[in-house]
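Working notes for the structure below.
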Amino acid sequence: MNITLNYLFDPLCGWCYGISPAFSALANASEQVHIKLLPTGLFSGAGSRAMNEEFAAFAWSNDQRIASLTGQPFSEQYRHRVLADHQQRFDSSLPTIVLTAVALTQPEKELEMLKAIQKLRYVEGRNVTDRATLEQALHTLGLSDAVALLDSPELHKANQQRLEQAQNLMQEFAARGVPSLIAESKGRRVQLSTADFYADSQALLRQLKAL
């Protein structure tokens, strides 16, 4: 099995956090699957918004659905330090750029960095729209080269190219949101249904084996 799995996501997407155990199961398998992360920019730019009480309540309710289905933790620290902080925008622009910096310097670590961002937000209740928080996470994972790249024009150009590639794939396959998974194998591309991946972390691997 030799497959490229295009993973369309946003770092602030709770359902993307919910599906992450499926990627852990995939990473532990011996089969040859290359995971290509493609951020869509869903919650950056025009998709970002201010936090307020109404949106926080909606987000927390949605997060509880994800938790019940996947077992992924959403802590009280997250509820009180992130959702209740109305000075903190719901904006994935900076974590998306940080992930692109990792993709340019140590691409094999990008999925690990995404999981670190998710843990910081949903478990530790940290502000992942804050540059200092993200830089600290990069240093902790040994990704100092990515930190050095953060202010470079090259990075922002590469980030825009990744966003465009992801958005083009979403349009091509009429993907309605994230996470979306598009597998490439034997000269063909197939969009996978993610519905089974939340409750069963092995379902993704089984679908890939069936291609």
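The values are calculated or read from the model by the stated rules, or taken from the named source; none is laboratory data. This structure is a prediction, so every number in the text was calculated from the model and none was measured. Cβ coordinates were reconstructed from backbone atoms using ideal geometry, including for glycine residues, and neighbour counts include every protein chain displayed. Calculation scope for accessible area: heavy atoms of the full protein, side chains included, ligands and nucleic acids excluded. Shrake-Rupley method; radii C 1.70, N 1.55, O 1.52, S 1.80 Å.
General remarks:
- Considering segment 48-149, the qualifying helices (runs of 4 or more DSSP H), each wholly inside and each with 2 or more residues that are among the charged types (D, E, K, R), run over 53-70, 110-122, 131-140.
- Residue identified as under 14 Å from the mean Cα position of the chain (by Cα), free of Cβ contacts under 8 Å to residues at least 24 places away in the same chain and open to solvent by less than 80 Å² (accessible area, probe 1.4 Å) among Leu94, Leu111, Leu120: Leu120
- Test result for Asn28, more than 15 Å from Thr129 (Cα to Cα) and open to solvent by 60 Å² or more (accessible area, probe 1.4 Å): yes
- Qualifying residue in segment 65-73 (condition: surrounded by 18 or more Cβ atoms within 10 Å (Cβ to Cβ), out of contact with any Gly (no Cβ under 9 Å at 6 or more places or on another chain) and in contact (Cβ under 8 Å) with a residue 12 or more places away in the chain): no
- Taken over segment 97-108, the criterion of being under 13 Å from the mean Cα position of the chain (by Cα) and of a type in the set (S, T, N, Q) is satisfied by Thr100 alone.
- Lone qualifier among Gln202, Gln167 - being open to solvent by 30 Å² or more (accessible area, probe 1.4 Å) and at pLDDT 95 or above: Gln167
- Just one of the listed residues (Glu124, Glu76) is under 15 Å from Ala137 (Cβ atoms) and acidic (Asp, Glu), namely Glu124.
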